[in-house]
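Nothing in this text is a laboratory measurement; each read-out follows from the coordinates by a stated rule. As the structure is a computational prediction, the values presented were derived from the model and not from experiment. Cβ atoms come from the backbone with ideal geometry, glycine included; neighbour counts cover every protein chain shown.
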Amino acid sequence: MFFSKIELRREAEQCARVAQVMTQDGYRLHQALWQLFLAPPGTPRDFLYRQLETAHWPSFYVLSARQPVDTRGVWSIQSKSYVPQLAAGQRLAFSLCANPVVTKLGPHGKPVRHDVIKNAKQLRQNRAEPPIPLGALMAQEGETWLHNRAERCGFHVEQVRVDGYRQHQFRKARSGNWVKFSTLDFDGLLTVVDPELFGHTLYTGLGPAKSFGCGLLLIRRV
């Protein structure tokens, strides 16, 4: 595996035009990143990424099975081998941008994903319960979502702060269909319980919408 920091070069006029287009069109931004991992049709996605908040300039952290390759000469890419040394009981700081959802059966009996925040608001409304501040709702629903996944992903959450609730939507270039999802930001401390399971989680990510920059679990020693 490779861990990379990828940023659009700032020195060329061409890059400034590319940056303007990509920051105005979320789908083109994701497509541009996928172009760094060209593969034959049908090849499964073999990378996770997270967009960085850098003054609206396209920048990413990427974890991938292949090294990214820039064929257009517009990206600055710094890559290194990624082989985390994991052990049971190890404490790590973590950061995660995820798409937390709950899955319910829809009107036709098919599973439908629901944003955990909207779902919680709807449940409170159905039960005639008073609304609670968004910050409290993010903490409550976000922590529950993460704790429910931690054990089967090989770790235990010691502490976590949840914020940054955002709605994302953009149209796919070819079909014109809308892509809509929400994200929450998680930052905290975890303990590795099962190194093998946790390693698998690092490589495969947490939650849905991984094609759109969700699920990459960033860790560091404390």
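A few comments on the model shown:
- Straight-distance candidates among the lysines for linking to Lys80, with alpha-carbon spacing under 21 Å and chain neighbours fewer than 8 residues away dropped: Lys5.
- Residues listed by number, the range 59-94, amide nitrogen under 16 Å from Arg161 label point at 7 Å toward C-beta: 93-94
- Candidate values (1) 49, 46, 28; (2) 52, 33, 30; (3) 56, 45, 35, label of the one derived for Cα extents along the principal axes in Å: (3)
- Sequence-separation-based contact order of the chain, relative, with Cα cut under 8 Å and 6+ spacing, percent: 27 percent
- Positive end of the dipole of the range 91-221 (Cβ unit charges, origin at the Cα centre): among Ser211, Ala136, Leu189, the Cα lying farthest that way belongs to Ser211.
- Computed magnitude of the charge dipole of the range 112-176 (debye, nearest 20; Cβ of K, R +1, Cβ of D, E -1): 540 debye
- Only the Cβ atoms of Lys and Arg (+1) and of Asp and Glu (-1) were treated as charged; on that basis the dipole of the range 68-222 about its Cα centre amounts to roughly 720 debye.
- Here the chain carries DSSP beta bridges of which approximately 100% are antiparallel, counting only pairs with both residues inside.
- All lysines inside 21 Å of Lys118 as judged from Cα atoms, apart from same-chain residues fewer than 8 positions distant: Lys104, Lys110, Lys180, Lys210
- Extension gain for Phe2-Val193 works out to 66.4 nm (0.36 nm per residue, less the C-alpha to C-alpha distance).
- The value of relative contact order for the range 106-205, using C-alpha pairs under 8 Å at least six residues apart, is 25 percent.
- Added length on full extension, which subtracts the Cα-Cα distance from 0.36 nm per residue, Glu129 to Arg149: 4.5 nm
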